[in-house]
There are 2 protein chains.
Amino acid sequence: MTASPRACAVVGLSLFAAPLSAAPICAQTEGLDPTEIDRLAAVQEEAAIQTFREFLRLPNDAHFPDDLNRVIQWLERAFAERGFATRRLPTSGSDLLLAERPAPGATRTALVYLQADGQPVDPSAWDQGSPWEPVLKARGEGGGWQAIPWERLHAGAAAERDPEWRIFGRSASDSKGPVVQFLTAMGALDAAGIPPTVHLKVIVDTEEELGSPPLPEAVECFREDLAADMLVIFDGPPHASGRPTLSFGARGIATITLTVYGPRAPQHSGHYGNYVPNPAIRLARILASMKDEHGRVTIPGYYDGVTLDEKTRAMLAQVPDDESAIQGAMGFGGADSVAGTLQEALQYPSLNVRGLRAGWVGEQARTIIPSEATAEIDIRLVRESEPDGLIRSIRQHVEGLGYHLIDAVPTAEDRLRHPRLARFEHQVSYRAFRTDFDSEPGRWLYAALTNLFGEEPIRIRTMGGSIPIAPFVSALEVPAVIVPTVNPDNNQHSPNENLRLGDFLGGLRIMIAVLTQPLRDAAPSGNGG
Amino acid sequence: MTASPRACAVVGLSLFAAPLSAAPICAQTEGLDPTEIDRLAAVQEEAAIQTFREFLRLPNDAHFPDDLNRVIQWLERAFAERGFATRRLPTSGSDLLLAERPAPGATRTALVYLQADGQPVDPSAWDQGSPWEPVLKARGEGGGWQAIPWERLHAGAAAERDPEWRIFGRSASDSKGPVVQFLTAMGALDAAGIPPTVHLKVIVDTEEELGSPPLPEAVECFREDLAADMLVIFDGPPHASGRPTLSFGARGIATITLTVYGPRAPQHSGHYGNYVPNPAIRLARILASMKDEHGRVTIPGYYDGVTLDEKTRAMLAQVPDDESAIQGAMGFGGADSVAGTLQEALQYPSLNVRGLRAGWVGEQARTIIPSEATAEIDIRLVRESEPDGLIRSIRQHVEGLGYHLIDAVPTAEDRLRHPRLARFEHQVSYRAFRTDFDSEPGRWLYAALTNLFGEEPIRIRTMGGSIPIAPFVSALEVPAVIVPTVNPDNNQHSPNENLRLGDFLGGLRIMIAVLTQPLRDAAPSGNGG
């Protein structure tokens, strides 16, 4: 899916008039003392929780534009109250929100990504009255979650704020939590009279759960408005170990649907077995020819450009994956050996058969030669992958096996003319992105988290999954880093989504640490290339 | 599935006391003149149709024992009226019916197989009031079938009996038609005072549509009662060309269900693609390793013992298959090349992937690594195939690829201990059978049909499909030949089952020809070995 040219909407508004200050002011040269960060955060916790409850009450499923508009209005007010100039960026879908605030003495501009919309809800599947009325819960003696009064948070006794308590509601973690963490962090700085160390632009996505189609479009239409030195994405959970994490990239994704044709209708396997070609075994032969027994793709050029030198492998080895625990939990006795470790394997494009279908199995099995056999394939792309080239190499590989490839249901003539006939359809959804560890935001954020926690954060070179923000990152052409601030077990996209109180308040501290971390004294600390 | 020993029921009845006559009577040395056969049949047509209508009204789904019992009672009376001694053979399922009638001057005994039970019905899917109330139909101008009055058959004007008219009702072709053809043929011989050329035993199957489990059991318990020189099976339609046909064998069938295990639950293909083993691609590799690109099985020994010499291939070539028409009708542009022709291909055991399932496809596709992948395989066996040996060779082949095979859901320990883990389950349903063309019944029936039609019948060496009578044939250890007497397009097993009037009355003539054909002057006419 390549971006098609769009007609950009003309925006006549001139609301945003605050110029970025260029006046030199004494800049900090080191991050704030962690105890100072904690103090700044602690006095805001009460307000943070109140704001979060209020924001969680606003339905934000982007399928309902009126709901989404109320969310944007709430954000416009919230950002304005914190000194941001806001404007809506019209797109062919929902409006995006852009909020901007210059920082005295700053020399760099960070574009911050936040997300306003949320997944649809099925209220009947939630263990609370409404997904839109947040509930504070603690684990009961039996291990289940039980509602507790909000007053226990608001009695003024911070000691009562058990970090294991959780706030349940749609979008608690994905991603209203990060929005409120950010707004609160700004409030904390303002209360203490500390300016952020960077000029801030905040882009608020309003269709993330629909795949963020407006984002790359906005770059086309509002490139100047979105111009920045870096992109900081506050989203998602940290590494499974729970340790502070920075993610420097994500694999992209493309998909292929491959259908091999046999007879027009299923045929009796007795009358015609050994004679009528079987599309299931033919599909199996095609798929088998693509990978070796270790799970490595054997199509020439598939891994071209991907090299992991000693230094890179050492960096990847710092991620504390417990592979034995992963295998035990998932129930398999040996991983594919595309590369030496999980982190190394994620640096390569994948070729995954996500679905197979031919004839019937189990109780429905019948003695037929199936009429067709389908494989659904997904390909996770890495920065080195040229998506169209990868797809083309797979296509050529199948053609090299003697198949005539079509992109629609075959005609009678197709069937008779081509002894080997298959339908090949593909889509490139997102490309991969990857930012060097040693990039400016990489060094800056690394320094901020190291300062706050007193230890190095985990740095993920490439996340295995694919995220809708990738085309936005590619279009912006600035280094982008993901800063996660919510718990991994948050039931994202599912009923009973929640945000752990410890992560909510911890993420607030991460954001204060980031926003107060000087940029220019961050030392190089490794190269993600 | 090997036959397990059964306790045979003790049958105290002594109804059947008519001794087989051994008295020498002038035996015919040639078959009746075809015009004489036609004359004998013509005078019985009125009665045949009346009997058929009456018999078709009896529901015969073996799931309803009371219905089936009324069918057996009707048959007991019908056979008794034609000079047969009848008795029921009790089995662990339905009673079978054995009817016996000696023939003066005969030196051979033919066991005739007929079938009493029928497929279940869904009356709502039939284009008539009830599947149990037969309807006579003719093609209307628009091509559809339209009911016409039975009186047009019974007005005495044989010219009105258009062979294209059809009698619609459950079991019309499968297989009450052959039953009534046989009963009528006996009546025709009796009316003309012509004795059959063989001693007759008739075994009436009552659970064919359930797979005929009582038949091999009956051989164990009533071997002496069933003793005969040959088995003649009146069942099914002729070759697709519609020409008179004899079938000398049928492939057997065994099935395998092979499930390859990946992670215990589906895993995110982004987070774990290239790492968590994918059972779909592994299954594809297993299946692909079993056959070459021409559809031939590559497992050593799979085709052992199957050799088609020049003479056999010449015999097979006499079957007038229009392979170009078959491929055009079925919509594929080139057959597997296990052997040179369809008939040759059917002489080999097959290995057919009848179903594949892993993850999801189409609208349901999701980006996961599936937890398991299943292939349903059926194997059509030929006479040379030792079923357990074939299954074992496949099993060993999979093990040779490094798989640990289990026959139940894997335990957590299985999963961790065996990097390649699969479930392998199999069942041998029926073995194949094949009778030599040059066997005594082969020569006899060939002579009878050649005499009747003035041309050689098509002889099918091995039918591709598998039939429940096969274990009965194997247990009896006598040469068996199938004599088809119904139209190929009879909607067998489906709504609107029918028997073409021309085939109903033609089959009557076939049976008269067979029952009056002398045995001993039949000349050798080819070898089916």
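The values are calculated or read from the model by the stated rules, or taken from the named source; none is laboratory data. Just so it is clear, the model here is predicted, and its values are computed rather than measured. Here the Cβ is made from the backbone with ideal geometry for all residues, glycine too, and neighbour counts use every protein chain on show. We work out accessible area using only protein heavy atoms, side chains counted, and drop any ligands, DNA or RNA first. Shrake-Rupley method; radii C 1.70, N 1.55, O 1.52, S 1.80 Å.
Take the residues in the range A:278-324 that are open to solvent by less than 50 Å² (accessible area, probe 1.4 Å), among the hydroxyl-bearing types (Ser, Thr, Tyr) and closer than 21 Å to A:Phe248 by Cβ; name whichever of them is farthest from the other protein chains (Cβ to nearest Cβ).
Checked the range A:278-324; the qualifying residue farthest from the other protein chains (Cβ to nearest Cβ) is A:Thr312.
Yes or no, residue by residue, for (1) polar (S, T, N, Q); (2) facing chain B (nearest Cβ under 8 Å); (3) open to solvent by 10 Å² or more (accessible area, probe 1.4 Å):
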| residue | (1), (2), (3) |
| --- | --- |
| A:Asp229 | no, no, yes |
| A:Ile233 | no, no, no |
| A:Gly242 | no, no, yes |
| A:Ile256 | no, no, no |
| A:Tyr261 | no, yes, yes |
| A:Gly270 | no, yes, no |
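Step by step: first the residues of the range A:153-204, then only those that are farther than 19 Å from A:Asp117 by Cα and acidic (Asp, Glu), then the one that is most open to solvent (accessible area, probe 1.4 Å). Which residue is that?
Once the filter is applied, the top-ranked residue is A:Glu164.
Is it true that B:Asp205 is touching a residue at least 60 places away in the same chain (Cβ under 8 Å) and in contact with a Leu (Cβ under 7 Å, 6 or more places away or on another chain)?
Yes: the conditions hold for B:Asp205.
Residues to consider are A:Leu390, A:Leu381; find the one that is touching a strand residue (DSSP E or B) at 6+ places or on another chain (Cβ under 6 Å), of a type in the set (A, V, I, L, M, F, W, C) and open to solvent by less than 20 Å² (accessible area, probe 1.4 Å).
The match here is A:Leu381.
In the range B:328-346, how many residues are more than 7 Å from chain A (Cβ to nearest Cβ) and either within 30 Å of B:His268 (Cα to Cα) or free of Cβ contacts under 8 Å to residues at least 12 places away in the same chain (or both)?
Residues in the range B:328-346 being more than 7 Å from chain A (Cβ to nearest Cβ) and either within 30 Å of B:His268 (Cα to Cα) or free of Cβ contacts under 8 Å to residues at least 12 places away in the same chain (or both): 1 in total.
So for the range B:213-231 (the condition being modelled with pLDDT under 95, of a type outside the set (D, E, K, R) and closer than 23 Å to B:Leu56 by Cβ), does at least one residue qualify?
The answer is no; no qualifying residue exists.
Would you point out which residue out of B:Leu452, B:Leu381 is farther than 30 Å from A:Tyr272 by Cβ and hydrophobic (A, V, I, L, M, F, W, C)?
Values: B:Leu381 fails: farther than 30 Å from A:Tyr272 by Cβ.
Going through B:Leu452, B:Leu381 in turn, just one is farther than 30 Å from A:Tyr272 by Cβ and hydrophobic (A, V, I, L, M, F, W, C): B:Leu452.
Pairs under 8 Å by beta carbon, first residue open to solvent by 40 Å² or more (accessible area, probe 1.4 Å) in the range A:110-132, partner of a type in the set (Phe, Trp, Tyr), six or more apart or different chains?
These pairs meet every condition: A:Val121/A:Trp132; A:Asp127/A:Trp145; A:Asp127/A:Phe168.
What is the one condition in (1) open to solvent by less than 10 Å² (accessible area, probe 1.4 Å); (2) more than 9 Å from every other protein chain (Cβ to nearest Cβ); (3) of a type in the set (Ser, Thr, Tyr) that B:Tyr275 does not satisfy?
(2)
Among the listed residues B:Arg461, B:Arg417, B:Arg423, which satisfies the condition of being open to solvent by 10 Å² or more (accessible area, probe 1.4 Å) and touching a residue at least 40 places away in the same chain (Cβ under 8 Å)?
Details: B:Arg461 fails: open to solvent by 10 Å² or more (accessible area, probe 1.4 Å); B:Arg417 fails: touching a residue at least 40 places away in the same chain (Cβ under 8 Å).
Going through B:Arg461, B:Arg417, B:Arg423 in turn, just one is open to solvent by 10 Å² or more (accessible area, probe 1.4 Å) and touching a residue at least 40 places away in the same chain (Cβ under 8 Å): B:Arg423.
Within the range A:347-379, take every residue that is under 14 Å from B:Thr257 (Cβ atoms) and not in a loop (DSSP other than H, G, I, E, B) and give me the one that is nearest to the other protein chains (Cβ to nearest Cβ).
Ranking the candidates gives A:Gly359 first.
Across the range A:415-432, what is the total count of residues that are touching a strand residue (DSSP E or B) at 6+ places or on another chain (Cβ under 6 Å), farther than 27 Å from A:Pro216 by Cα and charged (D, E, K, R)?
1
Please count how many residues of the range A:244-254 are surrounded by fewer than 24 Cβ atoms within 10 Å (Cβ to Cβ) and at the interface with chain B (Cβ under 10 Å from one of its Cβ atoms).
0
Would you call B:Ala265 exposed (fewer than 14 other Cβ atoms within 10 Å of the Cβ) and within 10 Å of chain A (Cβ to nearest Cβ)?
yes
Among the residues of the range B:312-346, write down those that are hydroxyl-bearing (Ser, Thr, Tyr), in a helix (DSSP H, G or I) and closer than 24 Å to B:Arg383 by Cβ. Even if it seems obvious, please write down each step before you answer.
The first filter runs over the range B:312-346 and keeps only residues hydroxyl-bearing (Ser, Thr, Tyr), leaving B:312, B:324, B:337, B:341.
Checking the rest, the ones that are also in a helix (DSSP H, G or I) come to B:312, B:324.
Answer for the range B:312-346, where residues must be hydroxyl-bearing (Ser, Thr, Tyr), in a helix (DSSP H, G or I) and closer than 24 Å to B:Arg383 by Cβ: just B:Thr312.
Against the condition among the small types (Gly, Ala, Ser) and farther than 19 Å from B:Pro349 by Cα, how does B:Ala288 come out, does it pass?
So B:Ala288 does not fit the description; no.
Please specify each residue of the range B:37-88 satisfying the condition of being farther than 21 Å from B:Glu209 by Cα, charged (D, E, K, R) and part of a loop (DSSP other than H, G, I, E, B).
First, the residues of the range B:37-88 that are farther than 21 Å from B:Glu209 by Cα: B:37-51, B:53-54, B:77-87.
When the remaining residues are screened for being charged (D, E, K, R), the result is B:38-39, B:45-46, B:53-54, B:77, B:81-82, B:87.
Scanning the range B:37-88 gives a single hit, B:Arg82.
Quick one: which of B:Ala448, B:Ala408, B:Ala373 is open to solvent by less than 10 Å² (accessible area, probe 1.4 Å), of a type in the set (Gly, Ala, Ser) and within 29 Å of A:Ser324 (Cβ to Cβ)? Give the derivation first.
On the way: B:Ala448 fails: within 29 Å of A:Ser324 (Cβ to Cβ); B:Ala408 fails: open to solvent by less than 10 Å² (accessible area, probe 1.4 Å).
Of the residues listed, the single one that is open to solvent by less than 10 Å² (accessible area, probe 1.4 Å), of a type in the set (Gly, Ala, Ser) and within 29 Å of A:Ser324 (Cβ to Cβ) is B:Ala373.
Residues checked against (1) touching a residue at least 60 places away in the same chain (Cβ under 8 Å); (2) open to solvent by 40 Å² or more (accessible area, probe 1.4 Å); (3) under 26 Å from A:Thr197 (Cα atoms):
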site	(1), (2), (3)
A:Asp67	no, no, no
A:Leu75	yes, no, yes
A:Arg82	yes, yes, yes
A:Ala85	yes, no, yes
A:Ser92	yes, yes, no
A:Ala99	yes, no, yes
A:Pro102	yes, no, yes
A:Gly105	yes, no, yes
